[in-house]
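**Q** Dropping a structure here in structure tokens format, bear with me for questions.
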Amino acid sequence: EAELYEGKLGDANWRRRRSQECEKCAAERKRRCRVLDSSDLSPNLENDIRFADAPYIHAFNEPKYHASQIRALHFARARKTIVLWFFAEDRPLTQHSEILGEAMDLNERRQQWSRYHEMKTGGIMGLQPLVHDMPLRITQTDHERKDKGFFKNNRCRLWGWQLHHVDEREYAQCTMQEMVLQYMPLCLLVKFPNATWIEDENLGPGIGKLFPKYNVWAFDKEWNVKIERHGFFIASDFSGTAHS
């Protein structure tokens with residue numbers, strides 16, 4: 001209670017001191033502000049394109065993962081383009097009804113798993129946004145293409161994609177700001193800045209293809225309940241932990 005009282009008192013004193021400053025001091029303090037979410041001093045993150053792909057840093061993976069989804073929307077709005085969403089595909093490899101539930105609610109379980117961060121699910125995001133030129137991070141090393149930059153935590157940009165013909169048709173006709181794909185993309189095209197290697201003459205330097213792959217993750221710490229996930233070894237790079 002004492003801490004709460006002192007906090008309220010401090011806020012009151014701060015408001016009182018601000019009300020006494022001149023216009024020049026107020027303008028100088030606002031110019032020097034370097035901390036976001038600081039009352040009226042904050043820039044508008046949704047409308048200010050300078051912050052469209054600025055990283056959000058947090059101590060934990062769950063808020064980081066949630067922020068990456070929200071920031072993808074802000075990035076698309078700033079670029080005035082569409083966001084495509086697709087789900088990874090999860091298939092239980094072991095049957096533990098007390099943990100997974102009955103077969104009738106397996107889809108509900110899959111929706112729950114899609115909200116787990118990629119560190120828990122073997123490097124494959126459950127719900128992946130796609131926005132042209134958005135920042136990405138490789139989540140698992142491709143040892144055959146390590147020399148081209150396909151190693152864990154290396155950064156790249158989304159250059160393009162190849163969709164299922166059903167989604168391609170819907171995408172061409174879409175007038176909304178967001179669209180959920182019915183099928184997983186056939187491949188994603190990623191570009192590594194300043195890279196000079198050429199993997200495909202039709203794509204140009206520094207652009208490579210990513211195809212969906214399978215990986216196994218565990219629902220529990222003891223690895224008694226295993227889930228096979230089908231998706232891409234990338235993650236939105238709009239956010240990260242302070243450690244990484």
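The values are calculated or read from the model by the stated rules, or taken from the named source; none is laboratory data. Everything numeric here is computed off the predicted structure, so don't read it as measured data. Neighbour counts are summed over all protein chains in view; Cβ atoms, including those assigned to glycine, are modelled from backbone coordinates with ideal geometry. Only protein heavy atoms, including side chains, enter the accessible area calculation; ligands, DNA and RNA are left aside. Shrake-Rupley method; radii C 1.70, N 1.55, O 1.52, S 1.80 Å.
**Q** Would you mind getting the accessible area per residue of the chain, heavy atoms of the protein chains only, 1.4 Å probe, in Å²?
**A** Details: 15370 Å² over 244 residues.
It amounts to 63 Å² per residue over the chain.
**Q** To continue, here is another question. Residue-wise, which Karplus ³J(HN,Hα) couplings in Hz belong to the stretch 175-189, taking 6.51 cos²θ - 1.76 cosθ + 1.60, θ = phi - 60°, and x for glycine or proline?
**A** In residue order, the calculated couplings are 10, 8, 7, 9, 8, 9, 6, 7, 10, 5, x, 5, 6, 10, 10 Hz.
**Q** Can I ask one more? What's the extension gain from residue 202 to residue 220 if we count 0.36 nm per residue and subtract their Cα-Cα distance? Walk me through the numbers on the way to the answer.
**A** Numbers: separation 18, 0.36 × 18 = 6.48 nm, distance 4.45 nm.
2.0 nm is the gain from fully extending residue 202 to residue 220.
**Q** Could you look at the chain and say what percent of its accessible area is carbon and sulfur, using a 1.4 Å probe and all protein chains? Don't skip to the end; give the middle numbers.
**A** Working: 7920 of 15370 Å².
With neighbouring chains kept in place, the figure for the chain is 51 percent.
**Q** Can you give the Kirkwood hydrodynamic radius of the chain from its Cα pairs, in Å with one decimal?
**A** Every distinct Cα pair counted, the radius reaches 20.8 Å.
**Q** I need the phi-derived Karplus couplings for the stretch 77-93: 6.51 cos²θ - 1.76 cosθ + 1.60, θ = phi - 60°, integer Hz, Gly and Pro marked x.
**A** Whole-Hz 3J(HN,Hα) from phi for the stretch 77-93: 5, 5, 8, 6, 9, 8, 10, 9, 10, 8, 9, 5, 10, 10, 9, x, 9.
**Q** For the residue pair residue 114 and residue 66, what label-to-label distance in nm results when each label sits 7 Å from Cα along the Cα-to-beta-carbon direction?
**A** For the pair residue 114/residue 66, the computed spacing is 1.8 nm.
**Q** May I pose another question? Over all distinct Cα pairs, what is the inverse of the mean 1/r for the stretch 145-244, reported as the Kirkwood hydrodynamic radius in Å?
**A** Values: mean 1/r = 0.0620 Å⁻¹.
It is 16.1 Å.
**Q** Same structure again: Per DSSP H run of n ≥ 4, the term is -39500 (n - 2.57); total these for the chain, divide by its residue number, and report the mean residue ellipticity at 222 nm rounded to 500 deg cm²/dmol.
**A** Working: 6 runs with 68 residues, N = 244.
-8500 deg cm²/dmol, from helical runs alone.
**Q** Ok, one more. At R0 = 25 Å, how high is the FRET efficiency between residue 147 and residue 89 if r is their beta carbon distance? Nearest 0.05 is fine.
**A** Numbers: r = 30 Å, r/R0 = 1.21.
That gives a FRET efficiency of 0.25.
**Q** Still on this structure, please answer the following. Which pairs, out of 64/226; 80/120; 64/213; 80/152, put more than 26 Å between their alpha-carbon atoms?
**A** Values: 64/226 24 Å; 80/120 32 Å; 64/213 24 Å; 80/152 30 Å.
Flagged as over cut-off: 80/120; 80/152.
**Q** Follow-up question, since we're still on this one. Ratio of the stretch 86-222's C-alpha Rg to 2.2 N^0.38 Å, to two decimals?
**A** Details: Rg = 17.1 Å, N = 137, 2.2 N^0.38 = 14.3 Å.
So the Cα radius of gyration is 1.20 times the expected 2.2 N^0.38 Å.
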